[in-house]
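The values are calculated or read from the model by the stated rules, or taken from the named source; none is laboratory data. This structure is a prediction, so every number in the text was calculated from the model and none was measured. Cβ coordinates were reconstructed from backbone atoms using ideal geometry, including for glycine residues, and neighbour counts include every protein chain displayed. Accessible surface areas use protein heavy atoms only, side chains included; no ligands, DNA or RNA. Shrake-Rupley method; radii C 1.70, N 1.55, O 1.52, S 1.80 Å.
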Amino acid sequence: MNRREHEKSVVTGMIEIYCRRHHAPQDGNLCEDCRRLTDYVYQRLEHCPKGNAKTSCRKCEIHCYSPENREKIRDVMRYVGPRMIFIHPWSAIRHLISEMR
């Protein structure tokens, strides 16, 4: 799995956790706002000029997210980030290692 695919997988999981805990969708799927955010993140990752050599978006000097979506994804990460060690420990450890590079 390349870096983009891995990031898609992780961010999808994070948005799903956030949506379940904050929006409680009735059908078990993502609410409309979270679905749009997921689609937006996928679009940004697919068109990332750094390709698979990219760093985390937080460290990137380009900042290709719109201010509104940047704030939304920050809210998701702020909520789910500290809980990742309990929910998906392997992803959390991998992320911490990649942030130290």
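Residue count for the stretch 18-43, restricted to those that are surrounded by fewer than 16 Cβ atoms within 10 Å (Cβ to Cβ) and within 23 Å of Arg3 (Cβ to Cβ): 3.
Remark: pairs (first residue in the stretch 67-92, over 17 Å from Leu45 (Cα atoms); second residue modelled with pLDDT under 90 and open to solvent by 50 Å² or more (accessible area, probe 1.4 Å); Cβ separation under 6 Å; 6+ apart in sequence or on different chains) = Ala92/Ile85. The sole residue among Ile87, Ile62, Ile73 that is aliphatic (A, V, I, L, M) and over 15 Å from the mean Cα position of the chain (by Cα) is Ile62. Considering (1) free of Cβ contacts under 8 Å to residues at least 24 places away in the same chain; (2) within 21 Å of His63 (Cβ to Cβ), the lone condition that Ile15 does not fulfil carries the number (1). Within the stretch 27-54, residues that are aliphatic (A, V, I, L, M) and assigned to a loop (DSSP other than H, G, I, E, B) sit with their Cβ atoms under 6 Å from residues that are open to solvent by less than 90 Å² (accessible area, probe 1.4 Å) and at pLDDT 90 or above, at 6+ positions apart or across chains, in these pairs: Leu30/Cys19.
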